[in-house]
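Working notes, beginning with the structure itself.
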Amino acid sequence: MRLVLFIIFVSVLLPSFSVTKAAMYSYVDQFGRLHFTNVPADPRYKEDPGFDAIRKTAVQGRYGQFIRTAAERYSLDPELIRAVIKVESGFNPFAVSEKGAMGLMQLMPGTAEEMHVREPFEASDNIMGGSRYLRKMLNLFEGDLRLSLAAYNAGPNKVLKKGRVPKIPETEKYVEKVLREYGKTRAGSLVRQ
């Protein structure tokens with residue numbers, strides 16, 4: 001019952017928390033009631049280590065239907081879309097990069113326009129546009145995931161010019177991070193099935 005109440009509590013308060021780490025504290029009083037706070041004014045409060053994991057699961061779950069819809073529409077593995085989102089924005093729908101990339105899948109303004117994304121900070125629109133662009137890269141590079149991810153990050157012209165992942169440290173790290181995350185999420189989804 002405590003876990004159910006905790007999940008309900010997290011779901012209700014989740015929109016008020018950013019995607020960055022937020023410590024939560026809890027305690028059970030003498031009547032068996034569970035208390036939560038992010039500012040522990042009472043010494044009975046102890047940091048709740050399970051909060052971060054539940055928060056991350058809830059944040060990722062919030063976009064599950066959008067991811068499944070985009071995956072089906074563009075013939076992509078939903079776990080690949082999740083991996084790209086995790087690496088691109090850490091599931092922050094309001095993320096903006098130093099270069100101006102926006103939203104969950106970090107679409108540059110030109111890419112957002114090309115992919116018909118009207119609201120780049122709206123999760124469903126961003127995921128649909130980012131997935132459409134990822135599919136475009138996969139088609140362009142004949143299904144080569146490494147080259148497609150490099151093109152997603154650095155732009156297709158740089159990858160086409162080199163014929164391989166360009167020697168750009170940011171792009172090389174990006175490709176490895178997405179592939180590593182994709183491997184983890186695929187393994188997790190196989191365990192859940």
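Answer with yes or no whether Gly100 is under 25 Å from Lys167 (Cβ atoms) and either in a helix (DSSP H, G or I) or without any contact (Cβ under 8 Å) to a residue 60 or more places away in the chain (or both).
For Gly100, the condition - under 25 Å from Lys167 (Cβ atoms) and either in a helix (DSSP H, G or I) or without any contact (Cβ under 8 Å) to a residue 60 or more places away in the chain (or both) - is met.
Hey, does the stretch 128-143 have a residue that's part of a loop (DSSP other than H, G, I, E, B) and either not assigned by TED's automatic domain parsing to the domain that holds Ser75 or not hydrophobic (A, V, I, L, M, F, W, C) (or both)? Outline the logic, then answer.
Narrowing the stretch 128-143 to residues part of a loop (DSSP other than H, G, I, E, B): 141-143.
Applying the additional criterion that residues be either not assigned by TED's automatic domain parsing to the domain that holds Ser75 or not hydrophobic (A, V, I, L, M, F, W, C) (or both) yields 142-143.
Looking through the stretch 128-143, at least one residue is part of a loop (DSSP other than H, G, I, E, B) and either not assigned by TED's automatic domain parsing to the domain that holds Ser75 or not hydrophobic (A, V, I, L, M, F, W, C) (or both).
Which number in (1) surrounded by 10 or more Cβ atoms within 10 Å (Cβ to Cβ); (2) out of contact with any Phe, Trp or Tyr (no Cβ under 7 Å at 6 or more places or on another chain); (3) modelled with pLDDT under 70 marks the one condition that Phe9 misses?
The one condition Phe9 does not meet is (2).
When the stretch 118-137 is examined, which residues are found to be without any contact (Cβ under 8 Å) to a residue 40 or more places away in the chain and not basic (Lys, Arg)?
Passing the criteria: Glu119, Pro120, Phe121, Glu122, Asp125, Asn126, Gly129, Tyr133, Met137.
For the stretch 149-173, what are the residues that are among the small types (Gly, Ala, Ser) and within 23 Å of the chain's Cα centre (by Cα)?
Listed by number, the residues that qualify are Ala150, Ala151, Ala154, Gly155.
To keep it simple, each residue is scored yes or no on (1) of a type in the set (Asp, Glu); (2) over 24 Å from Gln65 (Cα atoms); (3) surrounded by fewer than 19 Cβ atoms within 10 Å (Cβ to Cβ); (4) in contact with a Ser or Thr (Cβ under 9 Å, 6 or more places away or on another chain).
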residue: Ile85; (1), (2), (3), (4): no, no, no, no
residue: Asn92; (1), (2), (3), (4): no, no, yes, yes
residue: Lys99; (1), (2), (3), (4): no, yes, yes, no
residue: Glu113; (1), (2), (3), (4): yes, no, yes, no
residue: Ala150; (1), (2), (3), (4): no, yes, no, yes
residue: Lys161; (1), (2), (3), (4): no, yes, yes, no
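The values are calculated or read from the model by the stated rules, or taken from the named source; none is laboratory data. Because the structure is a prediction, the values reported are computed rather than measured. Cβ coordinates were reconstructed from backbone atoms using ideal geometry, including for glycine residues, and neighbour counts include every protein chain displayed.
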